[in-house]
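Please read the structure below before turning to the comments.
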Amino acid sequence: MSHSEPVNCEIITIGDELLLGQIMDTNSTYLSQEMGKTGIAVRFRTAAGDRMDDMAQVFKEGLKRCDFILCTGGLGPTEDDLTRQAVANVAGVELEFRPELMAQIEKIFAHTGYKMPENNRRQAFIPKGSYPIPNPVGTAPGFISEIHGRPVICLPGVPRELGYLLKEKVIPWIRTRYHLEDQVILYRVLKVVGIGESRVDSMIADLIQKETNPAIGLLSSPGEIKIRLTAQADNHQSARSMIRPLEDTIRGRLGDKIYGVDEETLETVIHGMLLERRLSLAILETFTGGKAALSLHKLPSRCVKRSLVVPQGKELGESFFQGEAEVELQTARALADKMMKDNSADVALVSLGFPDWEMGGDMPLMQQRGAVIALNTLRLGLLKGNQETVEK
């Protein structure tokens, strides 16, 4: 199979509670991450409620457009747990009783000291001809049904049980089924701050259009843009070698707008710079309401010597918020000097703003964006070694 056409799957989650928003669908995210590590491209993620017709429909559609389906949920003992029957209906077979699954379920109840309710017997039925997946950590066995040559892999929705069966049983089965012993999909995420998504897109548009492996994708969030590089190869070393020159090209274009990679955050990058330089920090905020300081206070460090939040128009004086730009800048400089002197700090971050700041969005969103701008201003100052860095 060529690198441009990876094995792909659709993840289907079952349950009314997902559609009603009563629980967060963490299973889909987890499965997507694990499939990526295995070398599987997730093309679709679908949720269906506990209705037989709806479940059958999403299974039929998934079988048409993907190499296999990975499904969670609906394998419990109650009347509304219909995944087994829905798959059987789509496959055109009956459910069959599997004694080995029944023995596993009885063993679980015996181990916990509870009497098994009669309705748990339903969980020992799976579509005829399916490959059973016994569940030693719960009462819901999984199974794999081949329908027109395409597997439908059904696993319990309880995260602990799902994780165990996926790692111990399903991923080894998938690797063997699709000859993926050495195939991987590797991700590298470059994190950008200080410019918007459209600007990032215009700076690397030709690369996005040209590259397919590695591929480039953009994801926007408040104050930050993620550039995701995705490479498919036979092993991690080859994938890294494919990503490296593309990353170098993007870094050459965006420069210090890229502040970190992968799991790094703006605050962890700043924290590392302060520790490396053995610098202490004092922070004063008005408009941002302490959000910049809070992100740094979450880290296990004593780099922040003091943080102060001043209500608008109070201790700073009403005249500041109605003054000219030069007056505002002079006030910010004076406050920074005072914060460093009063707290024996090496660096000061002063974040000032106005209640009618026209950035769009509601106040919490505006404050969050302001905090990102403030922290990035601090990062750039530390990066360049400037005594003063200002961003309006």
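Structure above, values below:
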read-out: Amide H partners (placed H, <5 Å) of Ala233, local residues excluded; value: Val184, Leu186
read-out: For segment 184-261, convex hull of alpha carbons as volume per residue, Å³; value: 77
read-out: Estimated 222 nm signal from helices in the chain, with DSSP H stretches of n ≥ 4 weighted -39500 (n - 2.57), rounded to 500; value: -13000 deg cm²/dmol
read-out: Structure-derived Cα Rg over 2.2 N^0.38 Å: which label, when the choices are [x] 1.29; [y] 1.02; [z] 2.38; value: [x]
read-out: Set of lysines near Lys107 by C-alpha distance (under 18 Å), chain-local residues within fewer than 8 positions excluded; value: Lys115
read-out: Pairwise label distance in nanometres, Lys128 with Ile23, each label 7 Å out on the Cα-Cβ vector; value: 3.2
read-out: Dipole magnitude of the chain about its Cα centre (Cβ charges: Lys, Arg +1; Asp, Glu -1), debye to nearest 20; value: 960
read-out: For segment 70-198, size of Cβ-based charge dipole, Lys and Arg +1, Asp and Glu -1, in debye; value: 280
read-out: Exposure proxy order (Cβ contacts within 10 Å, fewest to most) of Ser220, Ser32; value: Ser220, Ser32
read-out: Separation in nanometres of the label points that stand 7 Å from Cα toward Cβ, at Glu79 and Arg240; value: 5.7
read-out: Order of Phe97, Phe59, Phe109 under a 10 Å beta carbon neighbour criterion, fewest first; value: Phe97, Phe109, Phe59
read-out: Additional length obtainable on full extension of the chain from Gln57 to Arg43, 0.36 nm per residue less Cα span; value: 3.3 nm
read-out: Ranking of Leu155, Leu279 by count of other Cβ atoms within 10 Å, fewest first; value: Leu279, Leu155
read-out: Nearest-0.05 FRET efficiency for Ser221 and Lys64, computed from C-beta distance (R0 35 Å); value: 0.55
read-out: Cross-link pairs beyond the 29 Å C-alpha cut-off, checked among Lys210/Lys384; Lys37/Lys291; Lys291/Lys384; Lys210/Lys257; Lys60/Lys210; value: Lys210/Lys384; Lys37/Lys291; Lys60/Lys210
read-out: Residues with amide H under 5 Å from that of Val309, placed H, sequence gap 5 or more; value: Glu285
read-out: Helix 236-254 vs. the chain, principal-axis angle (Cα, 0 to 90°, nearest 10); value: 30
read-out: Fluctuation leader among Thr212, Thr286, Thr78 - the chain, Gaussian network, Cα springs under 10 angstrom; value: Thr78
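None of the figures in this text is laboratory data; all of them are computed from the coordinates on show. Everything numeric here is computed off the predicted structure, so don't read it as measured data. When we count neighbours, we look across all protein chains shown, and the Cβ atoms used for this are built from the backbone with ideal geometry, even at glycine.
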